[in-house]
Amino acid sequence: MIVTGIAVAYLIAVLVIGLRARNQQSSTLVGYVAGGREVGLIILFFIMGAEIFSAFAFLGGPGWAYDKGAPALYIMAYLGLGLLPWWVLGPKTARLGRKYGYLTQADLMSDRFSSKGLSAIVALVSVGAFIPYLTLQITGAGYLFRAATDGNVPFWLGALAAFVIVTIYVYVSGLRGIGWTNVIQGIIMVLVAWWIGMAVADRFYGGVGQMFREIQAEAPQYLTLPGVQGMSWAAFSSIILVSAIGFTMWPHLFMKAYGADSEKTIKKTIIIYPLYGYLLVPTLIIGFAGILVFRDSPLENPDNVLPELVVNEANFSPWLVGIMLSGALAAAMSTGSNLAHTASTVLVRDLFVAVFRQDMPERQVVLLTRIFVVVISVVAYVLALFNPASLVGLLLGAYGAVVQFFPLIVAVFFWKRATKAGAFAGLISGSAVMLYFSFLAPPPFEIHAGIWGLLANTVALVAVSLLTEPMPEEHVERFVEGSKASLEEISGPPRPDASTA
């Protein structure tokens with residue numbers, strides 16, 4: 001009852017903060033989707049951090065450390081590299097977004113390649129990646145509630161409670177609600193993660209150093225590659241690569257660039273962003289702590305190693321377990337809110353409006369976007385009830401999908417010769433290859449399926465573009481040369497047709 005009471009109090013507090021963030025701009029499309037293009041450094045930092053540090057941080061990451069050992073360190077590797085491409089791509093995205101009124105990633109790509117059909121394909125691939133990612137958050141919330149309450153709150157009810165709260169404040173407040181709740185949740189999850197990590201290592205081993213010395217003595221295979229399950233260097237390296245490239249291809253990252261108040265805000269966020277990575281250090285320590293604790297009775301589901309240690313093995317007080325549950329829920333809910341918001345925006349604006357109802361009034365677009373926040377959350381919740389794959393598996397599958405946008409984005413800003421036919425060929429072939437090696441056949445040399453898709457995508461984009469007629473010079477100059485002007489040099493309102501670009 002104490003654990004559940006703390007969690008419920010936390011959920012109510014988050015709901016109140018999310019609802020109070022609503023303002024008059026939340027009823028407009030730019031306000032609901034991009035925060036009125038006035039998002040400052042602190043809010044942007046916490047939004048971007050919360051988008052990545054999810055239920056994965058408290059469940060999937062520790063689960064991999066417990067189950068595989070050293071291969072889990074791929075997470076720390078890609079976090080240090082993930083935003084490096086955004087130093088170049090982020091400001092360019094923001095410049096064109098401010099100039100032409102873009103609100104989504106597909107707005108940018110479909111305008112560059114003059115194709116509403118491309119917008120639809122990008123939307124379908126994006127939502128196809130978002131659904132498993134959102135399912136990961138809902139699954140994580142359900143696991144946490146069930147473990148922290150010793151099963152008194154079942155999986156289905158815990159997941160439902162967390163995501164009903166998320167759905168309500170995203171529906172009402174849009175990006176502003178997401179931003180302010182993410183600030184609170186980000187602070188909570190970092191503090192809780194460090195407290196749990198240090199407390200668990202001290203409780204079972206007498207400290208972090210002693211823990212690793214005992215693992216080195218009794219199970220050294222967990223501390224070196226290929227780890228316990230034989231992960232090859234090719235698999236390890238390709239997972240880092242697909243995650244680092246895919247990191248900057250998430251559609252919600254583009255939406256946050258459009259919402260930033262300046263280029264300096266974007267670049268400052270990139271500089272300080274790796275600080276968020278310190279959140280994963282203590283949670284990985286928890287995963288390693290479980291190696292010897294559960295050596296004689298291995299866990300059936302490695303993703304449960306953190307709640308099993310904290311709730312059932314360490315015998316912490318229910319007050320501390322309730323705080324742990326709140327911090328872990330913060331990770332799941334903060335990411336889930338971003339995903340539901342972005343997925344609904346992409347589905348409505350880039351598929352329904354762009355292809356079928358380009359003349360839809362703005363007020364109806366906002367209403368439909370809010371409705372799809374609910375629809376997408378319900379779909380992900382239903383999928384979570386069917387006991388999906390491991391949380392890391394869901395995440396890596398989602399990264400394999402979004403990484404297929406990378407060649408097209410690079411072409412938008414740097415290659416004038418890229419054509420519409422080349423863009424279609426690249427995106428379709430890359431996605432097909434990725435799906436084939438994900439579900440129908442093992443990828444060659446254990447290289448991640450997303451990398452094989454990326455290679456096929458790039459070859460098809462280049463080959464078909466060179467074989468087809470170039471696009472008008474004046475048109476492509478708008479993107480390659482036009483993206484070089486700073487935000488400060490871009491003045492005046494967006495062009496009239498920007499809302500349907």
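The values are calculated or read from the model by the stated rules, or taken from the named source; none is laboratory data. Given the structure is predicted, the values throughout are model-derived calculations rather than measurements. Cβ coordinates were reconstructed from backbone atoms using ideal geometry, including for glycine residues, and neighbour counts include every protein chain displayed.
Might you let me know whether the range 427-440 holds any residue that is of a type outside the set (A, V, I, L, M, F, W, C), at pLDDT 90 or above, within 18 Å of residue 254 (Cβ to Cβ) and part of a helix (DSSP H, G or I)?
no
When you check residue 292 against the structure, is it in a helix (DSSP H, G or I), without any contact (Cβ under 8 Å) to a residue 12 or more places away in the chain and surrounded by fewer than 20 Cβ atoms within 10 Å (Cβ to Cβ), yes or no?
So residue 292 fails the test.
Here's a check for you: in the range 188-236, which residue that is within 12 Å of residue 282 (Cα to Cα) and among the β-branched types (Val, Ile, Thr) is farthest from the chain's Cα centre (by Cα)?
Once the filter is applied, the top-ranked residue is 208.
If you take the residues of the range 211-231 that are surrounded by fewer than 19 Cβ atoms within 10 Å (Cβ to Cβ) and not in a helix (DSSP H, G or I), which of them is modelled with the lowest pLDDT? Before you say what the answer is, go through the steps one by one.
Looking only at the range 211-231, we keep the residues that are surrounded by fewer than 19 Cβ atoms within 10 Å (Cβ to Cβ), and these are 212-214, 216-221, 223-226, 228-230.
Still in the running and not in a helix (DSSP H, G or I): 219, 224-226, 228-230.
On the way: 219: 93, 224: 89, 225: 83, 226: 82, 228: 80, 229: 78, 230: 75.
Filtering first and then ranking leaves 230.
Give the range 412-443 a look and list any residue that's surrounded by 19 or more Cβ atoms within 10 Å (Cβ to Cβ), more than 30 Å from residue 95 (Cβ to Cβ) and out of contact with any helix residue (DSSP H, G or I) (no Cβ under 6 Å at 6 or more places or on another chain), or say none.
Within the range 412-443, no residue meets the criteria.
Test each condition in (1) at negative phi; (2) not in a helix (DSSP H, G or I) for residue 373 and report the one that comes out false.
(2)
So in the range 452-477, with the set limited to residues that are part of a loop (DSSP other than H, G, I, E, B) and not hydrophobic (A, V, I, L, M, F, W, C), which one is nearest to residue 418 (Cα to Cα)?
If we take residues in the range 452-477 being part of a loop (DSSP other than H, G, I, E, B) and not hydrophobic (A, V, I, L, M, F, W, C), then 470 is nearest to residue 418 (Cα to Cα).
Quick one: which of 257, 234, 244 is out of contact with any Gly (no Cβ under 9 Å at 6 or more places or on another chain) and part of a helix (DSSP H, G or I)?
234
Quick one: which of 177, 158 is in a helix (DSSP H, G or I), more than 19 Å from the chain's Cα centre (by Cα) and either of a type in the set (Ser, Thr, Tyr) or surrounded by 24 or more Cβ atoms within 10 Å (Cβ to Cβ) (or both)?
Working: 177 fails: more than 19 Å from the chain's Cα centre (by Cα).
Of the residues listed, the single one that is in a helix (DSSP H, G or I), more than 19 Å from the chain's Cα centre (by Cα) and either of a type in the set (Ser, Thr, Tyr) or surrounded by 24 or more Cβ atoms within 10 Å (Cβ to Cβ) (or both) is 158.
Quick one: how many residues across the range 407-425 are assigned to a helix (DSSP H, G or I) and either aliphatic (A, V, I, L, M) or in contact with a Gly (Cβ under 8 Å, 6 or more places away or on another chain) (or both)?
10
Take the residues in the range 98-122 that are surrounded by fewer than 24 Cβ atoms within 10 Å (Cβ to Cβ) and of a type in the set (A, V, I, L, M); name whichever of them is nearest to residue 357 (Cα to Cα).
120
When residues of the range 324-359 are filtered for being more than 18 Å from the chain's Cα centre (by Cα), part of a helix (DSSP H, G or I) and polar (S, T, N, Q), how many remain?
1
For residue 259, work out the one condition from (1) buried (at least 24 other Cβ atoms within 10 Å of the Cβ); (2) out of contact with any Lys or Arg (no Cβ under 6 Å at 6 or more places or on another chain) it doesn't fulfil.
All conditions are met except number (2).
Kindly evaluate residue 287 against the criterion of being assigned to a loop (DSSP other than H, G, I, E, B) and farther than 24 Å from residue 340 by Cα.
no
Quick grid of which residues meet (1) more than 26 Å from the chain's Cα centre (by Cα); (2) modelled with pLDDT of 90 or more:
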position	(1), (2)
444	yes, yes
449	no, no
453	no, yes
456	no, yes
467	yes, yes
474	yes, yes
486	yes, no
498	yes, no
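Taking the condition within 19 Å of residue 7 (Cα to Cα), of a type outside the set (Gly, Ala, Ser) and at pLDDT 85 or above, does residue 308 pass?
Details: within 19 Å of residue 7 (Cα to Cα): yes; of a type outside the set (Gly, Ala, Ser): yes; at pLDDT 85 or above: yes.
Against the criterion (within 19 Å of residue 7 (Cα to Cα), of a type outside the set (Gly, Ala, Ser) and at pLDDT 85 or above), residue 308 qualifies.
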